[in-house]
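First the structure, in the form of structure tokens, and then the observations on it.
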Amino acid sequence: MTILVIGSVNADLTVQAARIPAPGETVLGGDARVSAGGKGANQAVAAALAGAHVALCGAVGSQSDPFRLPALAGLKRADVELSLLHTLDAPTGLALITVAAGGENAITVASGANARFGPEHLPADWSGLTHLLLQQELAPAVTREAARRAHAAGLTVILNAAPAREMDAALLAHTHHLIVNEHELAALVGRTVDQDELAVAAQSLLKLGPGAVTVTLGAQGSLTVTPDMVYRLPAHSVQVIDTTGAGDTFCGVLAARLSGGDPLPQALHWAGLAAGLACTRPGAQDSMPSWAEVVEAEKLR
């Protein structure tokens, strides 16, 4: 089973600070750290670490670009297939991340080569693939066309609708499993969603195409709805150091376990456990646990 991830590839420039700056405020932080990131690359690494065979289709800058090698380092370590990676005449994407003392983060992204990735860069051959994992850091036209082609080719399409965008009915029509957080859910349904309305709001999206909708809830775990069931899973209790990459870990591990044949409740459990472990270490890809670590954490629960 092979998962194709189509998405962004970035280098992350991260600074730890006492708090996230308010508008117009300067906050002194610690040393800057450069690491691999981008939602597409992050989720590809998480899926590969969870045991899946993963290929990534995305874009980076030229060999001389200073952020190209840092952006690709984690993908290479995780043995993600990069034959579909494009080199474009643009800087490699860069994310500027401030992490507050409590673990919350604020992120500004300079998209670079990711913004130049167009439908013409999508794979011509979809054979040998079983699952497509998408996010929303590439242009909407790219994500929509990728979902359409994958659906037509018989792949299972998993969409993490992050960062938040308004409803795209054509995209959801080709999505089998939709993953959102509370803010992204609100953007899709066009209104603020109270805690007691989460299931109803998620179920409303099932009418647009997805067979399952998962809402990630941070420390409250996750909520998943299908036409027949509602699953509520608690979060794995951890000492939070940095939440960067936790959502991407959840998505990648969920895709990996589903592609490996796990039933949905079990796949959700593994995804939540891995995401919790990712919060105990700084960084995005650097924080993602190996599958052996996830299994060991399960034994200790």
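Within the range 104-113, the presence of at least one residue that is of a type in the set (G, A, S), over 25 Å from V253 (Cα atoms), in a strand (DSSP E or B) and touching a strand residue (DSSP E or B) at 6+ places or on another chain (Cβ under 7 Å) is confirmed.
Name the single residue, out of those in the range 1-27 being in a strand (DSSP E or B) and touching a helix residue (DSSP H, G or I) at 6+ places or on another chain (Cβ under 7 Å), that is farthest from G261 (Cα to Cα). It would help to see each step written out before you state the result.
Filtering the range 1-27 down to residues in a strand (DSSP E or B) leaves 2-6, 10-17.
Still in the list and also touching a helix residue (DSSP H, G or I) at 6+ places or on another chain (Cβ under 7 Å): 3, 5-6, 10-11.
Details: I3: 13, V5: 18, I6: 22, N10: 30, A11: 32 Å.
Per the criteria, the residue is A11.
What residue, of T175, T216, T156, is surrounded by fewer than 24 Cβ atoms within 10 Å (Cβ to Cβ), among the hydroxyl-bearing types (S, T, Y) and either in contact (Cβ under 8 Å) with a residue 60 or more places away in the chain or within 27 Å of G38 (Cβ to Cβ) (or both)?
On the way: T175 fails: surrounded by fewer than 24 Cβ atoms within 10 Å (Cβ to Cβ); T216 fails: surrounded by fewer than 24 Cβ atoms within 10 Å (Cβ to Cβ).
It is T156.
Looking at A73, A101, which one is in a loop (DSSP other than H, G, I, E, B) and closer than 25 Å to Q16 by Cα? If you could, list the steps in order and put the result at the bottom.
On the way: A73 fails: in a loop (DSSP other than H, G, I, E, B).
Checking each option against the conditions leaves just A101.
Within the range 229-249, work out how many residues are closer than 24 Å to D194 by Cβ and either without any contact (Cβ under 8 Å) to a residue 60 or more places away in the chain or not in a loop (DSSP other than H, G, I, E, B) (or both). Outline the logic, then answer.
At the first step, the residues of the range 229-249 found to be closer than 24 Å to D194 by Cβ are 229-235, 243, 246-247.
Keeping just the survivors that are either without any contact (Cβ under 8 Å) to a residue 60 or more places away in the chain or not in a loop (DSSP other than H, G, I, E, B) (or both) gives 229-235, 246-247.
Of the residues in the range 229-249, 9 are closer than 24 Å to D194 by Cβ and either without any contact (Cβ under 8 Å) to a residue 60 or more places away in the chain or not in a loop (DSSP other than H, G, I, E, B) (or both).
Just one of the numbered conditions (1) over 23 Å from C279 (Cα atoms); (2) surrounded by fewer than 17 Cβ atoms within 10 Å (Cβ to Cβ) is not true of R77: (1).
Here is a check on your reading of the model: is R165 charged (D, E, K, R), outside any helix (DSSP H, G or I), under 25 Å from A59 (Cβ atoms) and within 18 Å of the chain's Cα centre (by Cα)? Here the answer is yes, as R165 does meet what is asked.
Only residues that are surrounded by fewer than 19 Cβ atoms within 10 Å (Cβ to Cβ) and either of a type in the set (V, I, T) or modelled with pLDDT under 95 (or both) were counted in the range 32-61, giving 3.
Would you be able to tell me the number of residues in the range 178-193 that are farther than 27 Å from E145 by Cβ and either among the basic types (K, R) or surrounded by fewer than 17 Cβ atoms within 10 Å (Cβ to Cβ) (or both)? Steps first, please.
First, the residues of the range 178-193 that are farther than 27 Å from E145 by Cβ: 182, 191-193.
This time we only want the ones that are either among the basic types (K, R) or surrounded by fewer than 17 Cβ atoms within 10 Å (Cβ to Cβ) (or both), so: 191-192.
Counting residues in the range 178-193 that are farther than 27 Å from E145 by Cβ and either among the basic types (K, R) or surrounded by fewer than 17 Cβ atoms within 10 Å (Cβ to Cβ) (or both) gives 2.
Residues that are more than 21 Å from L134 (Cα to Cα) and crowded, with 19+ Cβ neighbours inside 10 Å within the range 194-213 comprise L198, A201, listed in sequence order.
Here A297, A275 are screened, and the one residue that is in a helix (DSSP H, G or I), hydrophobic (A, V, I, L, M, F, W, C), on the phi < 0 side of the Ramachandran plot and surrounded by fewer than 22 Cβ atoms within 10 Å (Cβ to Cβ) is A297. Summed over the range 81-98, residues that are among the small types (G, A, S) and assigned to a loop (DSSP other than H, G, I, E, B) total 2. Exactly one residue out of A169, A90 is touching a Lys or Arg at 6+ places or on another chain (Cβ under 7 Å), more than 24 Å from A271 (Cα to Cα) and not acidic (D, E), and it is A90. Here the range 97-120 is the region considered, the condition is being over 17 Å from the mean Cα position of the chain (by Cα) and aliphatic (A, V, I, L, M), and the residue that is surrounded by the fewest Cβ atoms within 10 Å (Cβ to Cβ) is A101.
Among the helices (runs of 4 or more DSSP H) contained in the range 169-216, which hold 3 or more residues that are touching a strand residue (DSSP E or B) at 6+ places or on another chain (Cβ under 6 Å)? Break it down into steps so the answer makes sense when it comes.
Values: elements: 169-172, 182-189, 198-206.
Helices (runs of 4 or more DSSP H) meeting the threshold: 198-206.
Would it be correct to say that A186 is small (G, A, S) and farther than 23 Å from Q285 by Cβ? I'd like the intermediate steps shown before the answer.
Values: small (G, A, S): yes; farther than 23 Å from Q285 by Cβ: yes.
Yes.
Take the residues of the range 32-76 that are in contact (Cβ under 8 Å) with a residue 12 or more places away in the chain and of a type in the set (D, E, K, R): which is farthest from L254 (Cα to Cα)? Looking at residues that are in contact (Cβ under 8 Å) with a residue 12 or more places away in the chain and of a type in the set (D, E, K, R), I get D65. Pull up the range 229-263, narrow it to residues that are of a type in the set (D, E) and modelled with pLDDT of 95 or more, then point me to the one that is surrounded by the fewest Cβ atoms within 10 Å (Cβ to Cβ). Here the answer is D262.
Restricting to the range 144-160, name every residue that is under 16 Å from A255 (Cβ atoms) and of a type in the set (A, V, I, L, M, F, W, C). Lay out the reasoning, then the answer.
Of all residues in the range 144-160, those under 16 Å from A255 (Cβ atoms) come to 146-147, 150-151, 155-160.
Once the filter is applied, which keeps residues that are under 16 Å from A255 (Cβ atoms) and of a type in the set (A, V, I, L, M, F, W, C), the range 144-160 yields A146, A147, A150, L155, V157, I158, L159.
The values are calculated or read from the model by the stated rules, or taken from the named source; none is laboratory data. As the structure is a prediction and not an experimental result, all values here were calculated from the model. Cβ sites come from the backbone with ideal geometry, for glycine too, and all protein chains shown count toward neighbours.
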